[in-house]
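Since every read-out is calculated from the coordinates, none of them should be taken as a lab result. All figures in this text were calculated on a predicted structure; none of them were measured in a lab. A quick note on method: Cβ atoms are made from the backbone with ideal geometry, for glycine too, and the neighbour counts reach across all protein chains shown.
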Amino acid sequence: MDAERRPPARRSNPGRLLLRAAVLAGAFLGLVVFSVALAKVTLTPSPASADLVTSNLRPGRSLRQYAEDYTFLAACKQAGGNLLLGMPFGLLLPVLVPRRLRMIRMVLLTALVITVVELVQGALVVGRAFDVDDVILNTAGALLGYVLIGRRISHRYHALADAPAADPPPAPRRSAPARTTRGRALAKKWRSGRSGPGGGAPGPDGRGA
């Protein structure tokens with residue numbers, strides 16, 4: 001009984017591995033740089049606002065305040081800034097997280113990180129307060145960035161990671177030697193002669209011996 005053949009192992013391509021490593025390192029470096037910028041923007045104390053800011057635990061409260069108390073440009077700046085602040089999550093995280101359910105993983109991870117940042121700035125930073133609407137806007141910005149650009153980047157990266165290396169062309173099959181082919185033809189002719197009447201080889205007149 002012949003042993004079962006195992007599927008051939010996937011061949012690694014050094015060029016593809018280097019490209020994947022470069023993309024992954026770039027995404028990680030970009031996330032680090034963005035994290036530093038995020039910390040600078042959100043965790044910088046603002047003593048002048050210490051008596052003005054209050055925590056917001058009701059979704060939509062700050063958004064309604066932007067619409068009612070702010071000018072149009074000021075409201076766009078405040079809400080748009082929070083959207084832009086979350087977009088890098090939608091661009092970089094899909095490359096770093098597993099491909100399966102990457103959009104859900106990205107949204108949940110973004111919401112978790114922003115929630116932690118908001119809690120830290122509300123508890124430790126002067127002039128800052130926790131605002132659930134900031135979490136919503138940042139997460140919406142991450143989702144928007146993923147839909148616009150991050151999905152394509154992630155698809156190309158994971159397609160590159162999953163693409164198998166090209167197999168070498170199969171070796172040409174060797175044709176049977178002419179001697180073997182001739183011997184098979186003679187044996188076939190002899191067997192057809194044995195199958196005639198009388199079971200003997202056909203004589204000169206075509207009848208069996």
#### Entry: Amide H contacts of Asp131 (H built 1.01 Å from N, under 5 Å, at least 5 apart or other chain)
Asn56
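Among 135-141, 112-118, 53-59, how do they line up by average Cβ neighbours within 10 Å per residue, starting with the highest?
Details: 135-141: 22.6, 112-118: 18.0, 53-59: 12.3.
Result, highest mean Cβ count within 10 Å first: 135-141, 112-118, 53-59.
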### Message
As I understand it, the dipole of the range 19-162 uses +1 on the Cβ of Lys and Arg and -1 on the Cβ of Asp and Glu, about the Cα centre. Which of Leu101, Gly122, Thr54 lies farthest toward its positive end?
### Response
Leu101
### Difference of contour (0.36 nm per residue) and Cα-Cα distance, Asn13 to Arg100
28.9 nm
### Query
In whole Hz, what ³J(HN,Hα) sequence does the range 56-72 give by Karplus (6.51, -1.76, 1.60; θ = phi - 60°), x for Gly and Pro?
10, 10, 9, x, x, 5, 5, 5, 5, 5, 4, 6, 8, 9, 9, 6, 4
